[in-house]
Every structure is written in structure tokens, then in C-alpha cells.
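Asker: Below you'll find the structure I mean.
A short reminder: the numbers here are calculations on the coordinates, not readings from a lab. Please read all numbers here as calculations on a predicted model, not as lab measurements. Positions of Cβ are backbone-derived with ideal geometry, glycine not excepted, and every protein chain shown enters the neighbour counts.
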Amino acid sequence: MQVVIKPDAAAVAKYGAAIFIQQIVTKPDSVLGLATGSTPLALYQQLIDAYRVESVSFKQVKTFNLDEYLGLAADHPQSYRYFMQQHLFNHIDIRIEHTAVPNGNAPDPLHACNDYERQITAAGGIDLQLLGLGRNGHIGFNEPSSGLQSRTRIKTLTAATIADNARFFQPNEYQPHLAITMGIGTILDARKVVLLATGSAKAAAVKAMIEGPLSASCPASALQLHQHAVIVIDEAAASEL
Ligand code: GLP
């Protein structure tokens with residue numbers, strides 16, 4: 001596990017984006033794992049800038065998102081598919097048929113989970129996976145107690161995660177308590193992983209992830225097992241190390 005500490009969130013995004021841009025330039029048909037949440041937004045903006053200003057092309061890139069709320073259709077404004085369209089896919093030259101987000105509205109969600117795993121395998125596996133970090137140490141929606149070898153499946157969200165993500169929903173809007181998420185085993189299969197975390201609210205989770213112990217109570221600690229995991233954090237998130 002390589003830990004990179006940058007002064008602030010902007011520098012974290014820049015460092016993370018450089019890894020992604022290098023990956024795409026070196027291997028134009030890269031398979032990328034993508035994440036939602038507030039943290040990756042600045043990185044996505046850097047990728048959009050790289051497309052616009054430096055003509056970095058995403059035409060051959062394939063993407064797989066980590067997770068999706070169960071029960072939200074792709075066009076629901078709070079769905080992660082919608083998020084990805086708004087914040088990245090609509091602004092670069094990626095082919096929409098090359099972008100995959102778990103189907104939160106699938107008639108048979110269990111089948112959709114297994115099918116997602118098959119799609120990742122058929123694409124040749126994920127070259128580079130982007131991750132954020134939940135305050136409780138979750139990655140994707142792998143909440144504490146997730147199996148360290150888990151695969152894509154349905155997870156019940158913790159009260160803490162529901163509260164943390166409530167800011168994206170209107171006061172009276174339905175907020176799902178279930179999600180489809182890649183498993184920790186799925187994430188560990190990526191050839192390279194980049195996790196971004198910024199701000200003091202993440203400091204305790206960052207400490208548990210990096211200093212251990214390796215434990216299902218901090219799902220991100222599983223990254224200690226990964227040969228090519230880069231943890232990019234700002235000084236505030238590093239403050240408890
Ligand atoms: C959600 C997502 C995670 C993300 C986390 C942190 O729970 N499922 O993938 O890492 O939020 O989000 P933020 O970056 O907004 O703190």
C-alpha cells in the first residue's frame with residue numbers, strides 16, 4: 001500500500017487524475033472502475049479538462065461503476081448512473097455502451113449482480129479502480145462486516161451511511177436503504193487501485209484503513225492486501241496517522 005499525502009483536496013484530485021490519464025494514454029482501451037460521492041468530482045473535472053484541452057480520448061475506454069442504489073432507475077436524479085452521466089460521461093467522448101453501472105432497477109437483482117461480475121470478467125478485468133472512502137471505512141457500499149472476499153451483491157446500508165448520503169436527497173424524497181455493490185473481492189481483483197480521501201471527517205477511517213488491523217469492521221483495510229494500491233489523501237485526512 002503506497003500512501004501519498006498532499007496539502008489539500010485540489011492536489012489530491014490532480015495526483016489521482018494524473019494516474020488515470022497516464023493509464024488511458026498508455027492503454028487507450030483500459031477498463032476503469034469508477035466511483036461516486038463528492039470526493040471524485042474534482043478528479044472527473046480533471047479528466048474532462050484532459051479530454052478538452054489535451055485531446056485525451058476515452059473512445060476505447062470501458063468503465064464499471066462500483067455501486068448503485070437498489071430501486072432507483074437510471075434516469076432518477078439520485079441514481080449513480082445519472083451522477084456519472086452528469087459529472088463525467090456527458091462531457092467526454094466515451095461510448096455509452098462502454099459504460100456499466102449496476103442496474104438498480106433490475107427485475108431480478110440477484111441475477112443482475114452475478115451478471116455484473118460476468119461482464120467485468122468478459123471485459124478482461126479492471127485495470128484501474130477508483131475508490132472513495134466512507135466515514136465508517138466502507139468502499140463502494142461494502143459496509144463494515146462485509147466479507148473480505150465478497151463479490152457483487154446486495155448490501156443493506158448502515159444508518160450512518162444513509163445519514164451521510166441524505167444530503168443528496170430532498171427532505172421528503174425516498175432514499176434507498178439497499179444497494180448493489182461490487183464486493184471487496186471484486187475490488188481487490190483490479191490490477192491497480194487508487195483511493196482518494198480528503199478532509200478531517202475521514203481521518204479516523206484513514207487511520208483504520210492504513211494502520212489496521214486488517215478487519216471486516218473497516219472494509220478499506222482489505223486494501224492492505226493489494227499489491228498496487230495507492231492511497232491519496234490530504235493533510236486533514238492524514239491527521240490521525
Ligand atoms: C458513498 C459511495 C462510496 C463513496 C462514499 C463517500 O457511500 N457509495 O463509493 O466513497 O459515498 O462519499 P464522499 O466522497 O461524498 O465522502
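Asker: Charges on Cβ only, +1 for Lys and Arg, -1 for Asp and Glu, centred on the Cα centroid of the chain; of 25, 171, 241, which one is farthest towards the dipole's positive end?
Answerer: So the residue we want is 25.
Asker: Gap in Å between the Cα centre of the stretch 105-181 and the Cα centre of the stretch 54-74?
Answerer: 14 Å
Asker: For residue 100, list long-range residues whose amide hydrogen, built 1.01 Å from N in the peptide plane, is under 5 Å from its own amide hydrogen.
Answerer: Amide H neighbours of residue 100, under 5 Å, 5+ apart: 63, 64, 65.
Asker: Would you work out the charge dipole size for the chain about its Cα centre, treating the Cβ of every Lys and Arg as +1 and the Cβ of every Asp and Glu as -1, and quote it to the nearest 20 debye?
Answerer: Result for the chain is approximately 240 debye, rounded to the nearest 20.
Asker: Which ³J(HN,Hα) values in Hz, rounded to whole numbers, follow from the phi angles of the stretch 112-128 under the Karplus curve 6.51 cos²θ - 1.76 cosθ + 1.60, where θ = phi - 60° and Gly and Pro get x?
Answerer: Computed from phi, the couplings for the stretch 112-128 are 4, 5, 5, 5, 4, 4, 5, 5, 5, 4, 5, 7, x, x, 8, 6, 9 Hz.
Asker: Something else about it: Which pairs break 31 Å Cα to Cα here: 59/155; 14/62; 59/207; 14/202; 6/155; 59/202?
Answerer: Violating the 31 Å Cα-Cα cut-off are 59/155; 59/207; 6/155; 59/202.
Asker: Here is a further query. Cα convex hull of the stretch 7-234: how many Å³ per residue? Kindly include the intermediate steps, with their values, before the conclusion.
Answerer: Details: hull volume 26.2 nm³, N = 228.
Here the figure is 115 Å³ per residue.
Asker: Quick check on the chain: helices-only [θ] at 222 nm, where DSSP H runs of length 4 and up contribute -39,500 (n - 2.57) each and the sum goes over total residues. Nearest 500, please.
Answerer: -9500 deg cm²/dmol
Asker: If the viscosity is 0.890 mPa s and the temperature 25 °C, what translational diffusion coefficient in µm²/s does Stokes-Einstein give for the stretch 94-159 when Rh comes from Kirkwood over Cα pairs? Walk me through the numbers on the way to the answer.
Answerer: Values: Rh = 13.6 Å.
Rounded to a whole number, D works out at 180 µm²/s.
Asker: Choose one of 119, 47, 148: the residue whose Cα lies farthest towards the positive end of the charge dipole of the stretch 1-159 (beta-carbon charges +1 Lys, Arg; -1 Asp, Glu; about the Cα centre).
Answerer: Projecting each Cα onto the dipole axis, the largest value belongs to 148.
Asker: A follow-up question, please. Counting only other residues whose beta carbon sits under 15 Å from that of residue 207, what net charge do I get with K and R as +1, D and E as -1?
Answerer: -2
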